Amino acid sequence: MPNQIRELHVVDKETHPYILETNATVTLKKSDGLCRVNVYRPKTSDSQPVPVLCTYGPYGKDIPYRDFHSQSFNEVNPEHKSEHSAWETPDPGYWTRYGYAIVRADERGAGQSPGLLDTMSQGTSEAFYDIVEWAASQPWSSGKVGLLGISYYAGTQWRVAARQPKGLAAIVPWEGMSDYYRDRCRHGGILSNAFISFWWNRQVVTNQYGRPGRAATKWGVDTTEGDLPDEELLANRQDQTIDNVKNRFRDDDYYASKDYDMADIKVPLLSVANWGGILLHLRGNVQGWMQAGSEFKYLRFITGRHDIPFYYDSEVEIQRSFLDAFLKGVDQVGWSQKGKLPPVDMCLRKGDPGYNDAQAEAKKFSRRSENEWPIARTYYTKYYLHPDQSLSTHEPASKDEEILSYEARGHVAQDGAGKPKVSDAFRGHGRPDDTLQPQKTLLHFVAPAFEQETEITGHVTAHVNLSATKQDGSGHTPGEIDVFVTLRHVNPEGKEIFYTGTAGDPVPLAKGWLRASLRKVHSEDQRHQDWLPYRTYLSTDVQPVNVGEVYELDIEIWPTNCVVEKGGKIVFEIGSEDTQGSSIFLHNHPEDRPKEKLEGWNNLHFGEGRVNYVTLPIVPPKVE
């Protein structure tokens, strides 16, 4: 870089209710360069050291929340609005009042931190490790560091905790992936490109170190050491929109370099998962909790959007009591006492409060604790698919071969403006009169009305027999099958119940995906369960998909929860592309889902030896 690195550290003890240090330098030990951080700490911390909460990410430590997402900021709990509030991070105004320091780092290559912008990489985890140890060693620090943040600021926590930096005492990953490949980038091996593109272009590259014009657009402050030319900016970033297309398997260097062992996480852990985060903010929190090696670990399920509940009074009280227990040694509820608190605290989705209505959800949905996850009293119940497109707990009586077919079209076509066209499956954005009608690219299977109130909570799987055949008149011969499945919940009046998705959008009960060439299941792995097929997604796992050959596919559907009222129904949907509830998390990249490889018919086979079913986790009432 042509920029001359300067000392930018400024300490302000007078202007704010807390001491503000801007652009303190953390020299990186595990990799070259430095990161710059802002420190917000109580004015008493010079004489009375305090515990520290750290965040590390690319969104800009100097971009005010009100500028980053003004609509969201307007809805945030006023207790957590201050001059230095930032997107998805703990508010300094609140936490310094309660005796914590905040260290907010610009990720290497972003904001005021020079270097290569390589989000979610091994290098970022190493840099975060150095920042945690730096925070623990400062004279105003008690030596105990906690991690607290949403989404990206949660995803980084899993990785750095597995590296076990000195001083790290507890983590609270709030709605954040723990598995980069499976949770975020490649669902069932299929590229989730639309969100990655949106995220990268709006939230990351706009804040790159050296990028001109940030202050003019109210996107933080300009790089203090000066702008960089376009060619240098390009050379100094590892573009996720390119890398995730080029790399398809977990043993590709790109993905393999990001891998780690969740069992190496030993610190106390409070993992918060959102039932509505069915394409990003759910699976990773459940899997992270299940696989972490922590003695004290807790799993909490919530509902609502991904940005606002983090700041609710009730949720902040839980965050603070947990952190107080392990960072201050003040435990008023029993977090640090083995067996004192149930490890699982879940929100029970019963009724239909509508979506994106926090107050209505709070009134409708109750909470319940459990002693384990998955819930031990679960009955994993097979609901069989029938050729008449019904679901039942009995296998089809006929053993005659029957086939139901639906169209496979490859990537979603582009309209004249370069935007994805709305497919048949998207029309009406999920109104029941649209989604439950026959459509070319999917099939629906409807269960009979439940005879009694029934709870579904846990992991869901589907087992289907599929083949691919050529369409008449088509010049393409299919060589792949991409499977998209959805569970939908219909109330006794016949209206589909939509839940609150990540961005406040209406989402169904659950979704799952699988690329047929990556169908290989590693049943010998200890992480494999009947209710959760384990795949490695390695290049060595690839198996051929030949025209006309029938393949038995076991599909992981992300965990879910609902209470089906008497008279309500469950609908199972299988198709060849994204359907309602996918929002911005679309899988439609033309290189990953080429028409030439996917176009044709996908065929669901019934008959002798061809049993298709979805396994639902039915949970009977808890006996107190």
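The values are calculated or read from the model by the stated rules, or taken from the named source; none is laboratory data. These numbers come from a predicted model, not from an experiment. Virtual Cβ from ideal backbone geometry, glycine too; neighbours counted across all protein chains shown.
Counting just the residues of segment 186-213 that are in contact (Cβ under 8 Å) with a residue 24 or more places away in the chain and more than 22 Å from E591 (Cα to Cα), which one comes out farthest from the chain's Cα centre (by Cα)? For segment 186-213, the residue satisfying everything is G210.
Yes/no per residue for (1) assigned by TED's automatic domain parsing to the domain that holds P90; (2) within 26 Å of A162 (Cα to Cα):
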position	(1), (2)
F296	yes, yes
G304	yes, no
S314	yes, no
I318	yes, yes
A325	yes, yes
M346	no, yes
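If only residues of segment 205-251 that are within 19 Å of N23 (Cα to Cα) and of a type in the set (V, I, T) are counted, the one that is modelled with the lowest pLDDT is T224. Contact annotation: residue pairs with Cβ atoms under 7 Å, 6 or more positions apart or on different chains, pairing a residue in segment 435-453 that is assigned by TED's automatic domain parsing to the domain that holds V464 and in a strand (DSSP E or B) with a partner that is of a type in the set (D, E, K, R) and at pLDDT below 95, are Q439/D424. Does segment 239-249 include one or more residues that are among the hydrophobic types (A, V, I, L, M, F, W, C), surrounded by fewer than 21 Cβ atoms within 10 Å (Cβ to Cβ) and in contact (Cβ under 8 Å) with a residue 40 or more places away in the chain? Yes, because at least one residue in segment 239-249 is among the hydrophobic types (A, V, I, L, M, F, W, C), surrounded by fewer than 21 Cβ atoms within 10 Å (Cβ to Cβ) and in contact (Cβ under 8 Å) with a residue 40 or more places away in the chain.
For the subset of segment 502-549 comprising residues that are in a loop (DSSP other than H, G, I, E, B) and aliphatic (A, V, I, L, M), which member is surrounded by the most Cβ atoms within 10 Å (Cβ to Cβ)?
Step one: list which residues in segment 502-549 are in a loop (DSSP other than H, G, I, E, B), which gives 502-505, 508-509, 519-528, 530-531, 533-538, 542-549.
Remaining after also requiring aliphatic (A, V, I, L, M): 503, 509, 521, 538, 542, 545, 547.
On the way: A503: 15, L509: 28, V521: 16, L538: 16, V542: 16, V545: 20, V547: 12.
Looking at residues that are in a loop (DSSP other than H, G, I, E, B) and aliphatic (A, V, I, L, M), I get L509.
Being loosely packed, with under 15 Cβ neighbours inside 10 Å, touching a Leu at 6+ places or on another chain (Cβ under 6 Å) and at pLDDT 95 or above, is that true of even one residue in segment 345-366? Looking through segment 345-366, at least one residue is loosely packed, with under 15 Cβ neighbours inside 10 Å, touching a Leu at 6+ places or on another chain (Cβ under 6 Å) and at pLDDT 95 or above. Would you confirm whether any residue within segment 112-121 is touching a residue at least 60 places away in the same chain (Cβ under 8 Å), surrounded by fewer than 19 Cβ atoms within 10 Å (Cβ to Cβ), assigned to a loop (DSSP other than H, G, I, E, B) and of a type in the set (A, V, I, L, M, F, W, C)? Yes, that holds for at least one residue.
Hey, does segment 169-176 have a residue that's surrounded by fewer than 23 Cβ atoms within 10 Å (Cβ to Cβ), at negative phi and out of contact with any Phe, Trp or Tyr (no Cβ under 7 Å at 6 or more places or on another chain)? Among the residues of segment 169-176, not one is surrounded by fewer than 23 Cβ atoms within 10 Å (Cβ to Cβ), at negative phi and out of contact with any Phe, Trp or Tyr (no Cβ under 7 Å at 6 or more places or on another chain), which makes the answer no. Considering segment 289-320, and only residues there that are among the small types (G, A, S) and under 30 Å from Q71 (Cβ atoms), the residue that is surrounded by the fewest Cβ atoms within 10 Å (Cβ to Cβ) turns out to be S314.
Just one of (1) within 20 Å of Y181 (Cα to Cα); (2) of a type outside the set (A, V, I, L, M); (3) at pLDDT 95 or above fails for S583. It is (3).
Looking at this structure, is D130 touching a strand residue (DSSP E or B) at 6+ places or on another chain (Cβ under 8 Å), farther than 23 Å from L168 by Cβ and touching a residue at least 40 places away in the same chain (Cβ under 8 Å)?
no
The single residue among E556, E573, E552 that is in contact with a strand residue (DSSP E or B) (Cβ under 8 Å, 6 or more places away or on another chain), at pLDDT 95 or above, surrounded by fewer than 18 Cβ atoms within 10 Å (Cβ to Cβ) and not in a loop (DSSP other than H, G, I, E, B) turns out to be E552.
Being within 25 Å of E232 (Cβ to Cβ), in contact with a helix residue (DSSP H, G or I) (Cβ under 6 Å, 6 or more places away or on another chain) and either assigned to a strand (DSSP E or B) or touching a residue at least 40 places away in the same chain (Cβ under 8 Å) (or both), is that true of even one residue in segment 15-27? Within segment 15-27, one or more residues are within 25 Å of E232 (Cβ to Cβ), in contact with a helix residue (DSSP H, G or I) (Cβ under 6 Å, 6 or more places away or on another chain) and either assigned to a strand (DSSP E or B) or touching a residue at least 40 places away in the same chain (Cβ under 8 Å) (or both).
Looking at segment 94-106, is at least one residue surrounded by fewer than 24 Cβ atoms within 10 Å (Cβ to Cβ), part of a loop (DSSP other than H, G, I, E, B) and in the same structural domain as G143 (by TED's automatic domain parsing)?
Just the residues of segment 94-106 that are surrounded by fewer than 24 Cβ atoms within 10 Å (Cβ to Cβ), to begin with: 94, 97-99.
After this cut, where a residue has to be part of a loop (DSSP other than H, G, I, E, B) as well, the list is 98-99.
Narrowing the set further to residues that are in the same structural domain as G143 (by TED's automatic domain parsing) leaves 98-99.
Scanning segment 94-106 turns up at least one residue that is surrounded by fewer than 24 Cβ atoms within 10 Å (Cβ to Cβ), part of a loop (DSSP other than H, G, I, E, B) and in the same structural domain as G143 (by TED's automatic domain parsing).
Consider K61 carefully, then state whether it is buried (at least 21 other Cβ atoms within 10 Å of the Cβ) and assigned to a loop (DSSP other than H, G, I, E, B). Spelling it out, K61 is indeed buried (at least 21 other Cβ atoms within 10 Å of the Cβ) and assigned to a loop (DSSP other than H, G, I, E, B). For T206, the criteria (1) assigned to a loop (DSSP other than H, G, I, E, B); (2) not assigned by TED's automatic domain parsing to the domain that holds L323 hold in every case but one, which is (1).
The rows are residues; the columns are (1) closer than 26 Å to D307 by Cα; (2) surrounded by 21 or more Cβ atoms within 10 Å (Cβ to Cβ).
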| site | (1), (2) |
| --- | --- |
| R186 | yes, yes |
| F195 | yes, no |
| K218 | yes, no |
| V221 | yes, no |
| E232 | no, no |
| D252 | no, no |
| Y260 | no, no |
| A263 | no, no |
| K266 | no, no |
